[in-house]
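The values are calculated or read from the model by the stated rules, or taken from the named source; none is laboratory data. In this text, all values refer to a predicted model and were calculated from it rather than measured experimentally. Quick reminder, even Gly has a Cβ in these numbers, built from the backbone with ideal geometry, and neighbours come from all protein chains shown. Remember, those area values only see protein heavy atoms, side chains included, never the ligands or the DNA or RNA. Shrake-Rupley method; radii C 1.70, N 1.55, O 1.52, S 1.80 Å.
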Amino acid sequence: PWPDTDGDTVLDKDDKCPEVAGLVSNEGCPQPTKEVMDELNAIGAAVPFQLNKAVLDKKVTTVLDIVVGIMNKYPTTSFVIEGHTDTSGPKAFNQKLSEDRANSVKDFLVNAGIASDRLSAVGYGEDKPSSSNKTRKGRIANRRVEFKVVE
């Protein structure tokens, strides 16, 4: 008989995460909890994009290193990186900018060792604000990325 080291009913020979109890539907690996995803999104909201830019500066890399650590704990989970902008500038420009922001984060994560086939990037432009665009603070908050688990 095959062992089941972590006791999750997925035999080690079929378990992609044999040391950690996980879900049968996820090849024996855990899925991130709501708390983990809330933490990822708090980090994504802290990615300080400059107005009209998608470039990641040095402050961002320490933030995204935390994201890499979390994603490495869930090796079979796929994530969507959503880019967002404030309402400054034309809508078409903001749509492209949001896509560029999501892709710059994706590129960083891939360069840090996260498999590119686990990541997809999408831009929502100014269509999903997290705060009011009427204040400077709100506009800064709307220049962000969010992470979602691919079900």
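So, for the range 43-151, what is the accessible surface per residue at a probe of 1.4 Å, expressed in square angstrom? List each step's numbers first, then the result.
Values: 5540 Å² over 109 residues.
It amounts to 51 Å² per residue over the range 43-151.
Round to a whole number: what % of the accessible area of the chain belongs to carbon and sulfur, probe 1.4 Å? All intermediate terms of the calculation are to be shown ahead of the outcome.
Working: 4630 of 8230 Å².
Heavy-atom surface of the chain belonging to carbon and sulfur, 1.4 Å probe: 56 percent.
Which loop GluC sites (Glu not before Pro) in the range 4-103, with loop taken from DSSP, have no more than 14 other Cβ atoms within 10 angstrom of their Cβ? Intermediate results must be reported in sequence, preceding the final value.
Working: sites: 19, 27, 35, 39, 82, 99; in loops: 19, 27.
Sites meeting the loop and neighbour criteria: 19, 27.
What FRET efficiency comes out for the pair residue 107/residue 151, r = Cβ-Cβ distance, R0 = 22 Å, nearest 0.05? It would help to have the intermediate numbers written out before the result.
Working: r = 24 Å, r/R0 = 1.10.
Working from the Cβ atoms, E equals 0.35.
Counting alpha carbon pairs within less than 8 Å and at least 6 residues apart, what relative contact order, in whole percent, applies to the chain?
Values: 278 pairs, mean separation 37.9, N = 151.
Relative contact order comes out at 25 percent.
Roughly speaking, what is the stretch gain from residue 24 to residue 51, that is 0.36 nm per residue apart minus the C-alpha to C-alpha distance, in nm to one decimal?
On the way: separation 27, 0.36 × 27 = 9.72 nm, distance 4.42 nm.
Value of the extension gain: 5.3 nm.
Normalising by the residue count of the range 1-82, find the relative contact order in percent from Cα pairs under 8 Å and 6+ residues apart.
Relative CO of the range 1-82 lands at 21 percent.
With no solvent and one equal point scatterer per Cα, compute the Debye intensity ratio I(q)/I(0) for the chain at 0.17 Å⁻¹ and report its log10, rounded to two decimals.
Calculated log10 I(q)/I(0) at the listed q: -0.90.
Using a Gaussian network model of the chain whose springs link C-alpha atoms within less than 10 Å, name the residue from 20, 68, 60 with the highest mean-square fluctuation.
20
Restrict the search to the range 84-148; then list the trypsin sites (Lys or Arg not before Pro) that DSSP places in a loop and that have at most 11 other Cβ atoms within 10 Å of their Cβ. If you can, show how the numbers build up before the last one.
Working: sites: 91, 96, 101, 106, 118, 134, 136, 137, 139, 143, 144, 148; in loops: 134, 143, 144.
Qualifying residues, ordered by number: 134.
Take the cross-link list 59/134; 73/106; 16/59; 58/137; 73/137; 13/106 and give me the ones stretching past 24 Å between alpha-carbons. Working shown, then result.
Numbers: 59/134 26 Å; 73/106 17 Å; 16/59 34 Å; 58/137 22 Å; 73/137 33 Å; 13/106 31 Å.
The pairs that break the limit, which is 24 Å between Cα atoms, are 59/134; 16/59; 73/137; 13/106.
Identify, among 1, 147, 88, the residue whose Cα sits farthest towards the positive end of the charge dipole of the chain, taking +1 on the Cβ of Lys and Arg and -1 on the Cβ of Asp and Glu, with the dipole about the Cα centre.
My answer, from the dipole projection, is 88.
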